[in-house]
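First up is the structure itself, then whatever we jot down about it.
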Amino acid sequence: MRSVLAYLSCFAGIVLFGGGCVSGLRSVKYAEHVVAYDVDSHVLEKMEKRLPLELVEIIHLTEKQVPDSLIIGYIKQEQTIYQLTSDHVTMLTSRGVSKTVVDYLPVSYTHLTLPTSD
């Protein structure tokens, strides 16, 4: 029953306020979630300030066993654009970054590019 009410209130927020529920998701504080994984303080600070992560920091999160869902969620929330070369992909995969995360990174770029006029 509780989940039905949450769904209905979310739906009402979307209809009445133009996406109130979606904007609520955008304010997730990922730094609070990754602190339990003993992430380096400079990475936590960047996440608290909602700054884009560099590829080496994504590798660091992977090495600290931060779940893919948190890494992708943060990248998605911050709308970070990555332009990966094949060398970047090789480096990421050789350092243990999952296929799920690596596959998402170029999607974040293509998702955010502006359409070209024909």
Legend entry - Gained length - Glu45 relative to Leu70, 0.36 nm times residue gap less alpha-carbon distance: 7.4 nm
Inset, instruction - Whole number in Å², please: accessible area per residue of the stretch 64-110, 1.4 Å probe, ligands, DNA and RNA not counted. - result: 56 Å²
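So how much slack lies between Ser94 and Val35, counting 0.36 nm per residue of separation and subtracting their Cα-Cα distance, in nm?
Full extension from Ser94 to Val35 adds 18.8 nm.
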Inset, instruction - Enter the accessible area of Glu32 (Å², nearest 10), with the probe set to 1.4 Å and all protein chains included. - result: 120 Å²
Legend entry - Residue-level accessible surface for Tyr74, protein heavy atoms, 1.4 Å, Å²: 0 Å²
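The values are calculated or read from the model by the stated rules, or taken from the named source; none is laboratory data. Quantities reported herein were computed from a predicted structural model and do not represent experimental measurements. Remember, those area values only see protein heavy atoms, side chains included, never the ligands or the DNA or RNA. Shrake-Rupley method; radii C 1.70, N 1.55, O 1.52, S 1.80 Å.
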